[in-house]
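Asks: My questions will all concern the structure given below.
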Amino acid sequence: MSSEEFEKLHEIYKSLYEELKLMPETALKSHGEDRKRLVRTFDERQGEAEEVLQGMEEELRAAPSSYRNAMSTKLRMYRRDLGKLQRDMKNSAPGFSSSSQTMEGNHHAIYSSQNQQSTHQQSQRALLLQGTDALNNATQSIERSQRIAAETDQIGTDIIEELGEQREQLDRTRNRLVNTGENLSRSRKFLRTMSRRLVTNKLLLAVIILMELAILGAVVYLKFFRKQS
């Protein structure tokens, strides 16, 4: 029970009322069997309308309080309009009341069942539409999830590629550092070798200088001091 069900019954009633409101004027212009047939049709549709109004009354009792006032106003208006149509039909077709009372019991059972079936079909249709909407919403949600997953996968792929590039850069940097270390090691070895050679050369030079000084001293001694003696 809900205001939504009330609106469904409201649409059914409007359809019946539109059909009923044309009958009094038509009955006024009809005669004999045509008028009797029209009276029977009016009686049938009136019974259906009464059943719909009863269903609306049940919905009114179960409706939320926020909707109850508006629904109650509509229901009172429909009761008043239906009563006016009954009076118009009595004026247009004499004997309408007796005909209506005679067939009221039978029509009540028949059209109550028809109205229940119609209401049930309307409910089933509404449920089907709700199910379709829910399925569409679920499909859209799945599509959004798939798009997000695809975007996430693409982002992950880009990150992996970027990390791969950074790893290659780090490997190249490490290789350059290794090469630089090797070059530094060779440079240190070369410098040590040059240092040793420089020390050796200095020692040789010092020895040569000492030897030259010794030779010079010997020559001076032999030339000056040896002759005097």
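Asks: At 1.4 Å probe size, what's the solvent-accessible area of GLU7? Round to the nearest 10 Å².
Replies: Accessible area of GLU7: about 80 Å².
Asks: Still on this structure, please answer the following. With the crude spin-label approximation of a point 7 Å out along Cα→Cβ, what separation in nm comes out for ARG37 versus ILE215?
Replies: Placing both labels 7 Å along Cα→Cβ, they lie 15.9 nm apart.
Asks: Please state the charge dipole magnitude for region 35-76, taken about the Cα centre, from unit charges on C-beta atoms (+1 on K and R, -1 on D and E), reported in debye and rounded to the nearest 20.
Replies: It comes to approximately 300 debye.
Asks: Follow-up. Just round it to a whole percent: the fraction of Cα-Cα distances in region 147-229 exceeding 14 Å.
Replies: Roughly 81 percent, once rounded to a whole number.
Asks: If you average 1/r over every pair of different alpha-carbon atoms in region 136-176 and take one over that average, what Kirkwood value in Å do you get?
Replies: 12.3 Å
Asks: Another question, then. I want to check the label-to-label distance for ARG192 and GLU58. Put each point 7 Å from Cα in the C-beta direction and report it in nm to one decimal.
Replies: In this crude spin-label approximation the distance works out to 10.7 nm.
Asks: Can you give me the C-alpha center-to-center distance between region 130-152 and region 31-51, rounded to a whole angstrom?
Replies: 52 Å
Asks: From largest accessible area down, sort ARG192, ARG80; use a 1.4 Å probe on the protein chains.
Replies: The most accessible residue leads, giving ARG80, ARG192.
Asks: Give me the Kirkwood hydrodynamic radius of region 1-88 in Å, from all C-alpha pairs, to one decimal place?
Replies: Across region 1-88, the inverse of the average 1/r is 13.8 Å.
Asks: Taking a probe of 1.4 angstrom, what is the accessible area of PHE190 in Å², to the nearest 10?
Replies: Looks like 120 Å² after rounding.
Asks: Here is a further query. Using just the C-alpha positions of region 39-94 as equal point scatterers, what log10 of I(q)/I(0) does the Debye formula give at each q in 0.25, 0.28, 0.29, 0.31 1/Å?
Replies: At q = 0.25, 0.28, 0.29, 0.31 Å⁻¹ the computed log10 ratios are -0.96, -1.09, -1.13, -1.21.
The values are calculated or read from the model by the stated rules, or taken from the named source; none is laboratory data. It should be emphasised that the depicted structure is a prediction, and the values quoted were computed from it without experimental measurement. Positions of Cβ are generated from backbone atoms using ideal geometry, with glycine treated the same way; all protein chains shown enter the neighbour counts. Just the protein is used for accessible areas: all its heavy atoms, side chains included, with ligands, DNA and RNA removed. Shrake-Rupley method; radii C 1.70, N 1.55, O 1.52, S 1.80 Å.
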